[in-house]
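Read the figures in this text as sums done on the coordinates, not as results from a lab. Just so we're clear, the structure is a prediction, and the values are computed from it rather than from any experiment. Neighbour counts run over all protein chains shown; Cβ positions are idealised from the backbone, glycine included.
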C-alpha cells in the first residue's frame, strides 16, 4: 500500500504570497551580504600580504577566528550586542554578519587567484616603474579574478542557503515566514515543500547567473 501524503492545494496556494515576502528579504540579505563579502575580502587578502608582520598576522588571526567559529554564534553575539541600537535592525545585522563571515572565505579565494598570477607579472610591472596600487589594479586583479568566478559563485549559493540561520535573530526571511504561516494554517507538508522548491529555484538561478558571468569574462578576456 502506497503511503498517502496529505496535500491541500488551498493551503499551498495561500502560502505563495507569504513565501514571496520571504523571498524579497532573503534576496536582500544574500545580495547585500555578498556585496560586502566581495568588497571586504579583497582588502583582507591584500593586508594579509602586507610586509608589516604585525598587520599581516593580526588580519590572519581575525580571518581564522571568523572562519573557525559558527555563523550562528556570531549572529547571536552581534544581535544581542547591538539589538538595543535604533539603527541596528535585524536585516542590517543579518546582511553585515553574512558579509563579514563570508568575506573571510572569499579572501582565501582571492588569495588563490592572486597567487596564480605569474611572478613575472610583478617583475614586469616593477620594470615599467608602476606604482604598487597601479600594479594591483591594472595587472594583477584583471588576471586573478576571472579564474575564481566559479569559486566565488559557490559562496553566493552557500550564502543563500545560510540565510535561514537569520531566523534565529527574528528576521522575517523565507524560513520564518514559512514557519509562521505553517503554524497558522495548521499544515506543514505543503509549506515546507514549497519552501524547498523556492530555495532550489533561487539556487539554480544563482548558478545560471554565475555561469553567464564566467562566459562574459572569458569572451572579454579572449
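In table form, for the structure just shown:
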read-out: Rounded tilt (10° steps) of 189-221 against the dominant C-alpha axis of the chain; value: 20 degrees
read-out: Full-extension gain in nm, residue 193 to residue 13, via 0.36 nm per residue minus C-alpha separation; value: 63.6 nm
read-out: Contact order normalised by residue count of the chain, Cα under 8 Å, 6+ apart, percent; value: 32 percent
read-out: Order of 104, 119 - criterion: other Cβ atoms within 10 Å of each residue's Cβ, fewest first; value: 119, 104
read-out: Additional length obtainable on full extension of the chain from residue 218 to residue 31, 0.36 nm per residue less Cα span; value: 65.0 nm
read-out: Rounded to 10°, Cα long-axis angle of helix 149-162 versus longest principal axis of the chain; value: 30 degrees
read-out: The chain - convex hull of alpha carbons, volume per residue in Å³; value: 177 Å³
read-out: Acute angle (nearest 10 degrees) that the helix 9-48 long axis makes with the longest principal axis of the chain, alpha-carbon atoms; value: 20 degrees
read-out: Spin-label model distance (nm) - residue 40 vs residue 96, 7 Å beyond Cα toward Cβ; value: 0.9 nm
read-out: Cα-projected label distance for residue 53 with residue 76, points at 7 Å along beta-carbon direction, nm; value: 3.8 nm
read-out: Cα centroid of the stretch 113-173 to Cα centroid of the stretch 16-84, whole Å; value: 15 Å
read-out: Net lengthening on full extension, residue 112/residue 138 (0.36 nm per residue, minus Cα-Cα); value: 7.5 nm
read-out: Theoretical FRET efficiency, 1/(1+(r/R0)^6), r = Cβ-Cβ of residue 122 and residue 87, R0 41 Å, to 0.05; value: 0.45
